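Heads up: the structure comes next, in structure tokens.
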Amino acid sequence: MTVSQTGPATPDTGQAPPMISLRGVDKYFGDLHVLDHIDLEIPRGQVVVVLGPSGSGKSTLCRTINRLEPIDAGEIRVDGTVLPSEGKELARLRTDVGMVFQSFNLFAHKTILENVTLAPIKVRKKDKAEARANAEQLLARVGIAEQKDKYPAQLSGGQQQRVAIARSLAMEPKVMLFDEPTSALDPEMVNEVLDVMVSLAKEGMTMVVVTHEMGFARKAADRVVFMADGAVVEDTDPESFFTAPSSDRAKDFLGKIL
Ligand code: ADP
Ligand code: MG
């Protein structure tokens, strides 16, 4: 498989390590080679949109970066540190990586505020008042301040997903992974979630975003990584990807979605 390595302009990171680095990562599910020797370096502050047909390994890529899935070969570093495969150190380092899924997974029997303060208090051992103040600030930032005493079921899908983003941010992650964060939403709610993601990108968060929202990719992405059959097939800037994809797989993919 040919890999296009035109590459996006990467900011000068000086001596700092890439925020995310995958080297020779392989992952199998039985005989299925789901991640096929992935090499990927993501500098601090970069927003990478991951595209590819269903089953190409996008979710697995996100899950391995967060160590929700073990890998079979290679190495993954976040901010220069190799994530161990298990143990206490993993739990701590995992909080460096926030993840937002298609399903919001809020705690149904906790209020919105409690959803956002729970992990900072339990895992980060934050003082309750401090966690609460921080959560209120984050909820305001995602436009949910008034709903803080409600329960998840009382909120719309778009609101719940914004709470899920606030909940991730409450752990002060260095990186945010989004796996199809708007795919389960009614169309009229997609933009309110994308807007929060765009502002997060502008604030300099390092982000990996799996999405079919091409508007977001064009507007907010510094880079597009296109996957097929577990491999990175193209890795370039959004403009080049959308106007002049170099592989047949990407041309075929764009032909179906655009
Ligand atoms: P994508 O997110 O691009 O649609 P996934 O990463 O979810 O792709 O899946 C990649 C491939 O791995 C698919 O063929 C999928 O069926 C398979 N797969 C994903 N998770 C598992 C699992 N837990 N066990 C077995 N196969 C899996
Ligand atoms: Mg997926």
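Every number in this text was worked out from the coordinates using simple rules, so none of it is lab data. All figures in this text were calculated on a predicted structure; none of them were measured in a lab. Counting neighbours? That spans all protein chains shown, and the Cβs are built from the backbone with ideal geometry, glycine included.
Points to keep in mind about this one:
- Euclidean distance of C-alpha centroids, the range 187-258 and the range 130-155, integer Å: 29 Å
- A simple rule links phi to the HN-Hα coupling: the Karplus curve 6.51 cos²θ - 1.76 cosθ + 1.60 with θ = phi - 60°, which for the range 193-210 gives 7, 4, 4, 5, 5, 5, 5, 4, 4, 5, 7, x, 5, 7, 9, 10, 10, 8 Hz, with x for Gly and Pro.
- Summarised in one figure, the compactness ratio Rg/Rh of the range 81-227, Cα atoms and Kirkwood Rh, is 0.96.
- Every pair of different Cα atoms in the chain enters the Kirkwood calculation, which places the hydrodynamic radius at 18.9 Å.
- Protection proxy ranking, peptides 145-154, 48-57, average beta carbon neighbours within 10 Å, highest first: 48-57, 145-154
- Under 14 Å from the Q154 label point (7 Å along Cα→beta-carbon), backbone N, the range 96-134: 108-115
- Less than 5 angstrom separates the built amide H of V34 from those of K27, Y28, F29, all sequence-distant by 5 or more or on a different chain.
- The alpha-carbon atoms of the range 27-131 define a convex hull whose volume equals 155 cubic angstrom per residue.
- For the range 182-188, putting each phi into the Karplus relation 6.51 cos²θ - 1.76 cosθ + 1.60 with θ = phi - 60° gives couplings of 10, 5, 9, 9, 5, x, 6 Hz, in residue order, rounded to whole numbers and with x for Gly and Pro.
- Interchain or long-range residues, amide H under 5 Å from V100's placed H: L177, F178, D179
- Backbone HN-Hα couplings from phi across the range 111-118 [Karplus 6.51/-1.76/1.60, Hz, Gly and Pro as x]: 6, 4, 4, 5, 4, 8, 8, 3
- Translational diffusion coefficient (Stokes-Einstein; Kirkwood radius from C-alpha pairs) of the range 41-85 at 37 °C, 0.692 mPa s, in µm²/s: 276 µm²/s
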